[in-house]
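Chemist: Supplied in structure tokens, the structure appears directly below.
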Amino acid sequence: MVTQTITPSQCAADIMTVIPAMTRFLRTEIRHHGEPHLSLSQLRVLYFLQRKPQSSLSEVADYLDVTRPTMSGIVERLVQRGLVHRMEDLYERRRIALTLTIAGVTEMERVYGATLASVASRLEGLSNEQRNQVMAGLSILSNLFTDS
């Protein structure tokens, strides 16, 4: 088997082409499966809070790369819909902790499960060897780009 030499720049260009395409696919699927009138930003907040309960408004704003006032409005709409609960931190009175309600957890699990099934259906056509190659590539990218 002849292996081709690929420069870091070529590899970077391919990553920068594929990742946005995958992101568009995931966004479309998430929107498709999300509760009616639930924005992608709201779904991203639910996803973040599912992984990091008791987060502050600032932490969620940083994750979505939006201002605190913008995040405050997004969170307020989620609170009004009964998907997120706000409560004062017991140790830091000025800090507000955000968590998912039972309805928020249910919605996030439903959307995540449906989106996961859509991604899995795309991968069904791959051979086991190809799926192993995808997993190896993802592991390498994760090691390179995940904050420690």
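Chemist: Scan (1) touching a strand residue (DSSP E or B) at 6+ places or on another chain (Cβ under 7 Å); (2) within 24 Å of A120 (Cβ to Cβ) for the single condition R95 breaks and write down its number.
Modeler: If we test R95 against (1) touching a strand residue (DSSP E or B) at 6+ places or on another chain (Cβ under 7 Å); (2) within 24 Å of A120 (Cβ to Cβ), just (2) comes out false.
Chemist: Determine if the stretch 96-111 includes at least one residue that is over 21 Å from Y63 (Cα atoms), without any contact (Cβ under 8 Å) to a residue 12 or more places away in the chain and more than 18 Å from the chain's Cα centre (by Cα).
Modeler: yes
Chemist: Checking the conditions here, which among T70, T99 is of a type in the set (S, T, N, Q) and part of a strand (DSSP E or B)?
Modeler: Unique residue meeting the criteria: T99.
Chemist: Within the stretch 3-32, track down each residue that is of a type in the set (S, T, Y) and in a loop (DSSP other than H, G, I, E, B).
Modeler: Listed by number, the residues that qualify are T3, T5, T7.
Chemist: For the stretch 29-49, what are the residues that are out of contact with any Ser or Thr (no Cβ under 9 Å at 6 or more places or on another chain), without any contact (Cβ under 8 Å) to a residue 60 or more places away in the chain and either farther than 15 Å from E109 by Cα or not β-branched (V, I, T) (or both)?
Modeler: Those that are out of contact with any Ser or Thr (no Cβ under 9 Å at 6 or more places or on another chain), without any contact (Cβ under 8 Å) to a residue 60 or more places away in the chain and either farther than 15 Å from E109 by Cα or not β-branched (V, I, T) (or both): P36, H37, S39, L40, Q42, R44.
Chemist: In the stretch 4-28, which residues are of a type in the set (A, V, I, L, M) and touching a residue at least 12 places away in the same chain (Cβ under 8 Å)?
Modeler: Those that are of a type in the set (A, V, I, L, M) and touching a residue at least 12 places away in the same chain (Cβ under 8 Å): I15, L26.
Chemist: Still on this model: Just to be sure, is E59 more than 26 Å from L116 (Cα to Cα), without any contact (Cβ under 8 Å) to a residue 12 or more places away in the chain and either assigned to a helix (DSSP H, G or I) or aromatic (F, W, Y) (or both)?
Modeler: Judged against the criteria, E59 is not a match.
Chemist: Ok, one more. Output yes when any residue across the stretch 50-69 is exposed (fewer than 14 other Cβ atoms within 10 Å of the Cβ) and farther than 23 Å from D147 by Cα, and no when none is.
Modeler: Yes, that holds for at least one residue.
Chemist: Here's something else I'd like to know. Would you mind finding the one in V105, V111 that is within 30 Å of V75 (Cβ to Cβ), part of a helix (DSSP H, G or I) and in contact with a His (Cβ under 6 Å, 6 or more places away or on another chain)?
Modeler: V111
Chemist: Can you name every residue in the stretch 65-101 that is touching a Gly at 6+ places or on another chain (Cβ under 9 Å) and among the hydrophobic types (A, V, I, L, M, F, W, C)?
Modeler: L78, L83, V84
Chemist: Here is a check on your reading of the model: is R31 surrounded by 14 or more Cβ atoms within 10 Å (Cβ to Cβ), over 18 Å from the mean Cα position of the chain (by Cα) and under 30 Å from A120 (Cβ atoms)?
Modeler: no
Chemist: Can you find a residue in the stretch 13-26 that is surrounded by 11 or more Cβ atoms within 10 Å (Cβ to Cβ), in contact with a Lys or Arg (Cβ under 8 Å, 6 or more places away or on another chain), at pLDDT below 90 and under 30 Å from L123 (Cα atoms)?
Modeler: Looking for residues that are surrounded by 11 or more Cβ atoms within 10 Å (Cβ to Cβ), in contact with a Lys or Arg (Cβ under 8 Å, 6 or more places away or on another chain), at pLDDT below 90 and under 30 Å from L123 (Cα atoms), one finds none in the stretch 13-26, hence no.
The values are calculated or read from the model by the stated rules, or taken from the named source; none is laboratory data. No experiment lies behind these values; they were computed from the predicted model shown. All Cβ positions, glycine included, derive from the backbone under ideal geometry; neighbour counts span all protein chains shown.
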